[in-house]
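Chemist: If you scroll down you'll find the structure; I have some questions about it.
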Amino acid sequence: MNTSCYCGQRRVAALFSAGHYRIVRCVACGQVRTLTPNKVPRTQEYTQADVAVYIDKEQMFRGLFRDVLEFIRRFRTSGVLLEIGAGVGLLIDEAKKIGFDAYGMEPSIAGVSAAKQYFHVSLIPKTFSKKTWKKRADVIVINHVLEHLPDPVAVLHDCHALISPKGILVIGVPNFGSVLARAKKSRWQSLIPNQHRWHFTKHTLDTLVSMQGFRRIGIRSDNHDRGIHPVWKRPLYAILDTISQWTANGEAILAVYEKTS
Ligand SMILES: [Zn+2]
């Protein structure tokens, strides 16, 4: 079994199991994470199978990323935008169209080459740190990436060093504190324990990010599309969607932070 929490504590309280994996809560800071038994494989980077999904559903993903950018534009409308973990580059492509000076860093070869080959987007084929990115950024986007990272503290620390004084940090993560995550536990579709090391709630995300010198200035939340569910289940999900929007506590959260120091 691996590792301590990002706060340094190793002791945990067990929540539930999901296949080979154990979902546990840190006794010190409350952050939930996946414990992976030795020898059980984990997936860190984009694979060819992930790339195929983007190619197949390009327009759907472009729409989702335009929504994310629309939200970002409430806070910043121009400047240098850097996406950490840019995947196949579709958010970057959409950001350029609306006038951002946009760059994406992506460590996986599969992502970088698909971005070029299928979408004509050049990504920087590197893992983000202040050693690999030296420019100031006005907007840094980490969208469904933080929950994968072995050391999210180091990444947020470097973001703080690189964001301009009036810049913003935009983080999208699955929300372990949502009603559906709580109800479905190991069956929740965003748990993905072979990929997700950290399972954030609004509270644990805010705590982690504010420790690096940020304060939250905006949040949006959504539930996943349930259009594929049987008709008789849809009214229930419609009610849950409404509650999620009122409480900003849906299955995915998108939070915007500014620097406090
Ligand atoms: Zn902890």
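Chemist: How big is the equivalent ellipsoid of the chain along its three axes, where each semi-axis is √(5λ) from the Cα gyration tensor, reported in whole Å from largest to smallest?
Modeler: Equivalent-ellipsoid dimensions as semi-axes: 27, 23, 20 Å.
Chemist: If contacts are Cα pairs under 8 angstrom and at least 6 residues apart, what is the relative contact order of the chain in percent?
Modeler: 17 percent
Chemist: For THR47, tell me the accessible area in Å² from a 1.4 Å probe, rounded to the nearest 10.
Modeler: Roll a 1.4 Å probe over it and THR47 shows about 50 Å².
Chemist: Please work out how much accessible surface MET211 shows to a 1.4 Å probe, ignoring ligands, DNA and RNA, in Å² rounded to 10.
Modeler: 120 Å²
Chemist: Show me, bin by bin at 10 Å from 0, the whole-percent P(r) of the stretch 29-108 based on Cα pairs.
Modeler: The calculated distribution, bin by bin, is 16, 37, 27, 17, 3.
Chemist: Also, quick follow-up: Which value, in Å², gives the accessible area per residue of the chain when a 1.4 Å probe is used on the protein heavy atoms?
Modeler: Spelled out: the 1.4 Å probe surface of the chain, per residue, equals 49 Å².
Chemist: Moving to a separate point now. Restricting to lysine pairs 8 or more places apart or on different chains, what number in the stretch 74-196 have Cα atoms under 29 Å apart?
Modeler: The result is 26.
Chemist: Let me ask something else. Working with all protein chains in place, sort PHE75, PHE176 by solvent-accessible area computed with a 1.4 Å probe, largest first.
Modeler: Values: PHE75 50, PHE176 25 Å².
Order by accessible area, largest first: PHE75, PHE176.
Chemist: Heavy-atom accessible area of HIS203 with all protein chains present, probe 1.4 Å, nearest 10 Å²?
Modeler: Accessible area of HIS203: about 130 Å².
Chemist: Let me ask something else. Suppose each label sits 7 Å from its Cα in the direction of the beta carbon; what would the ARG234-GLN195 distance come out to in nanometres?
Modeler: It works out to 2.7 nm between the two label points.
Chemist: Give me the extension gain from LYS135 to THR242: residue separation times 0.36 nm, minus the current Cα-Cα distance, reported in nm with one decimal.
Modeler: Additional length available on full extension: 34.5 nm.
Chemist: Further question: Taking H placed 1.01 Å from N in the peptide plane, check which residues at least 5 places from HIS224 or on another chain put their amide H under 5 Å from its amide H.
Modeler: Result for HIS224 returns GLU251.
Chemist: State the cysteines of the chain left without a partner when partners are defined as other cysteines whose beta carbon lies under 4.7 Å away.
Modeler: CYS159
Chemist: Within the accessible area of the chain, what % is carbon and sulfur when the probe is 1.4 Å and the other protein chains stay in place?
Modeler: Taking all protein chains in place, the chain shows 55 percent carbon and sulfur surface.
The values are calculated or read from the model by the stated rules, or taken from the named source; none is laboratory data. All figures in this text were calculated on a predicted structure; none of them were measured in a lab. In this analysis, Cβ positions are derived from the backbone assuming ideal geometry, glycine residues included, and neighbour counts consider all displayed protein chains. For accessibility, only protein heavy atoms count, side chains too; no ligands or nucleic acids. Shrake-Rupley method; radii C 1.70, N 1.55, O 1.52, S 1.80 Å.
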